[in-house]
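Below is one structure, written out as structure tokens; the observations come after it.
The values are calculated or read from the model by the stated rules, or taken from the named source; none is laboratory data. Given the structure is predicted, the values throughout are model-derived calculations rather than measurements. A quick note on method: Cβ atoms are made from the backbone with ideal geometry, for glycine too, and the neighbour counts reach across all protein chains shown. In case anyone asks, the SASA skips ligands and DNA or RNA and just uses the protein heavy atoms, side chains included. Shrake-Rupley method; radii C 1.70, N 1.55, O 1.52, S 1.80 Å.
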Amino acid sequence: MKPMATHDSSERLGLLLSRCSLGDQSAFTELYDATSAKLFGIAFRILKREAWAEEALQEAYVKIWRYADSYNPGRGRPMTWMINVVRNQSLDLLRKADYRAAEEEWNPDKDGRMSGDNPAAQAETSQEMQRVMRCLSGLTDEQRDCILLSYHQGYTPSEVAARIDRPVGTVKTWIRRGLIKVRECLDQ
Amino acid sequence: MRYDDPQVQEALAGDYAVGALQGPARRRLEALMRTRPDLRRRVEAWEDRLTPLAEQTPARTPRARVFRALEKRINPLSETGQSSFWENLAFWRPFGAVAAVLVVLLGGYAGFIGYQSGQQPVQIAETAPQQVLPSYVAVLEDGSEQPALVVTAYTGPWRLAVKPLRPLDGEEAKVFQVWTVERGNGTIRPLLQLAGDEQTGQPLDKGGWDAVKSSESLIVTLEAIGSAAAAPSSPVLFSGLCINLWEANDT
């Protein structure tokens, strides 16, 4: 199953979503083939167990199928919409069951600081991703790590605080100040 | 109102999108997004900003059984007994419906205020818009998390409004009883009876207002007409968090 390239696939994904909203199951199959590996990777990164990630993926695709007509092309790319459906589904599942998978040691160099450090990986990223990574690189290490732990691993501020041995309030402040900086950087 | 503060909205939206909002705070924001398009737009903007981060996540092929299960669930001819999962997908649909309901309720309440003061409703809305904002809102869902009705409580004067979002399956000689469930101890108190599918409202006395103020959630059961039961005598049909729109608890 081959993940879709970022730029030339948006139109096709939008069309597939439109067909899904009309009940076209063959379009759903195409959509699943084109996007499931990427979306499953995102669910797995948050939930860390295959069975849980599969459950989140399944629920997310049912939402995508049923609410395909609520996707608004004016708001962003189809993949953005689907990624957030699966992220929110994964976070809900994570929090609902108060579930923490067997801890996978988080490696910030691998997860968050690839920008600038890994030209090969960076070359494969979209321009949007590169912009975000460039903005993240302008943060302090603490701000960046807290944001990435929350975003990629679904960690709550309390969990981040326990992991990096800092007060929860400090972590919340780092996240918020970091996000403000990211927004300002992206708006430039 | 706290949620009218753009800085608060922005901070909560960022926290939500990054995944740092948890538990009741996360649920409260999701409930608010259903009735606050401005807040929802901020969350969407943050999701858009951060989504490129997710795109660097390595792809991972799910097992074939995932798609087989999906095929059964999206095929309307398949009777696999999984309808409960379908019904779980209530998050995206209610935005428009609930927002529309609140507009109706607010408009109706503006009229109520106007009638009380001898002014035209439009004048009230123009001169004192804050007066018609609800203080509490609860979106009550059935066991499959499908929204069934919206309950809103207003102050000045205390008043409750109930709006069914869809036809409710009642029983002969029974009414829908709305109860408050007190925060902390779970004490249940009767609040209002709903005869059918019609929108209804009633003034609240101090006891009723205090019950709403102290409630964690609202529930609905079917009770016999004319009964003055002190506790539910039948299973809970609908339930939902009672959200105080004016208090600061998230940050």
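Annotations
- Elements of the type strands (runs of 3 or more DSSP E) sitting completely within the range B:164-251 and holding at least 1 residues that are under 30 Å from A:VAL168 (Cα atoms): these cover B:174-182, B:215-224, B:238-241.
- The listed residue being at the interface with another protein chain (Cβ under 7 Å from one of its Cβ atoms) and among the hydroxyl-bearing types (Ser, Thr, Tyr), out of A:SER90, A:SER36: A:SER36
- Verdict on A:THR80 being free of Cβ contacts under 8 Å to residues at least 40 places away in the same chain, part of a helix (DSSP H, G or I) and either at the interface with another protein chain (Cβ under 9 Å from one of its Cβ atoms) or of a type in the set (Val, Ile, Thr) (or both): yes
- Candidate set from the range A:157-188 (those that are under 21 Å from B:ALA45 (Cα atoms), β-branched (Val, Ile, Thr) and open to solvent by 10 Å² or more (accessible area, probe 1.4 Å)); member that is farthest from the other protein chains (Cβ to nearest Cβ): A:THR173
- Residues considered: B:VAL139, B:VAL181, B:VAL236. Of these, the only one that is open to solvent by 10 Å² or more (accessible area, probe 1.4 Å) and in contact with an Asp or Glu (Cβ under 9 Å, 6 or more places away or on another chain) is B:VAL181.
- Only one entry of A:ALA60, A:ALA37 meets the criterion of being more than 30 Å from B:ALA25 (Cα to Cα), touching a residue at least 12 places away in the same chain (Cβ under 8 Å), of a type outside the set (Phe, Trp, Tyr) and open to solvent by less than 10 Å² (accessible area, probe 1.4 Å), and that entry is A:ALA37.
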